[in-house]
Structures are given as structure tokens and as C-alpha cells.
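*Asks:* Quick one: the structure is below, and I'll ask about it shortly.
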Amino acid sequence: MMACMLSGAATNGRKVTTLVLDKPDTKLEYVPPAPFGALVLWSGKPDKPDVKALAKRLLEGGCGFATLRAGKLTEKLHTWFDEAVVDHQLKADRDADLQTSGNAEDSIEEACRDAVFEAQPAFEKPYTDLLVLALGPDAQTDSERAHALAQKVERE
């Protein structure tokens, strides 16, 4: 069951859709047209199989760039997302790609700025859509904050 879905526009015109996921394997109520960027906000302790499964779902859905934020566990989230991409490349589609960014010390505002302004394929136009996914005990608060920030964050 999905708790909420918000829609709006980022400061750079990118369509922003924000979803709160009760569990990492919750069916996504909305997936933007491919290719799209994502901002994954994971509060609490991520679980490796859940992270890899979510990364695979995003990759298969057409996500090409994900900004990740999980506080001090962001590096683990990064590693597991990247492992999922490599696994998918080895088993299903060697041309599939999902780039990741994010740092453990990044605030939600910094993560939003990165997702809004930096998430784009190399040598191409920025993605037209940004999917914000929030999971964990602070998911509702994080999603509302990120959604509001995406609509007002400015390039540094």
C-alpha cells in the first residue's frame, strides 16, 4: 500500500512525482516515462536485498540516474545500487545503465539540488521527470520536505 503521491514541477521545469513506499517492494503507483531521474530517501536501516530489488525495478522501469540519501548509510545504499546494476548487466542487459550520486553528509536540500540540477544523462538534455521515493520510518516527513524543496531549490 502506498501512503501518498504528490505531483508538481521542480525549479528547472522537471516534473516531480513523490511517492512514499511502505515497503521497498510496494508496487509503484506511478513510473515516469523513460528515461527519468530518481531521488531515493531511505530513513532507517536499509536491507541489501530490498535495496538491490528496488534498484533493479528502477533500472528496468527506465531510471537512468538516482541520487541516494540514507544518512550515514548512504555509502552502503550506493554500493548496493551499483551492485544491482552490474548484476542486471551481467544477467539481462549489458547496455543497461543507472548512474548514482549522493554523499552521507548531504542534507535533504543538497540531495534535492543534485537530483534536480545534476541528474542527467551524459551529453544529453536533462531528464524531463524526477521520481522521488521515500522509505523508512521518516518517509512521510522526508517526502513532503523533498517535494517542497524540489519546487524551490536553486542551483548553487
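Each reported figure results from applying straightforward, stated rules to the coordinates on display, with no laboratory input. Not measured: the values here are computed from a predicted model. Neighbour counts are summed over all protein chains in view; Cβ atoms, including those assigned to glycine, are modelled from backbone coordinates with ideal geometry.
*Asks:* Considering the stretch 2-150, what Rg and Dmax in Å follow from its alpha-carbon atoms?
*Replies:* Final numbers for Rg and Dmax: 13.7, 38 Å.
*Asks:* Going by average Cβ neighbours within 10 Å, how do the peptides 24-35, 131-142 rank, with the highest at the top?
*Replies:* 131-142, 24-35
*Asks:* Pairs of alpha-carbon atoms within less than 8 angstrom and 6+ residues apart define the contacts here; what relative contact order does the stretch 2-150 have, in percent?
*Replies:* 37
*Asks:* Moving on. In which sequence would 11, 17 go, from the one with the fewest C-beta neighbours within 10 Å to the one with the most?
*Replies:* So the residues, fewest neighbours to most, are 11, 17.
*Asks:* Among the listed pairs 15/76; 23/48; 27/76; 45/76; 23/45, which are separated by more than 18 Å between their Cα atoms?
*Replies:* 15/76; 27/76
*Asks:* Extending each Cα 7 Å along its Cβ direction at residue 97 and residue 34, get the distance between those two points in nm, one decimal.
*Replies:* Result: 1.5 nm between the two label points.
*Asks:* Further, regarding this structure: Tell me the Rg and the Dmax, in Å, that the Cα atoms of the stretch 48-116 produce.
*Replies:* 11.9, 36
*Asks:* Take peptides 97-107, 77-87 and line them up by average Cβ neighbours within 10 Å, highest first, as a rough protection proxy.
*Replies:* Descending packing order for the listed peptides: 77-87, 97-107.
*Asks:* Moving on to the next point. Using Cα-Cα distances under 8 Å and only pairs 6 or more residues apart, what relative contact order does the stretch 1-84 have, in percent?
*Replies:* 27
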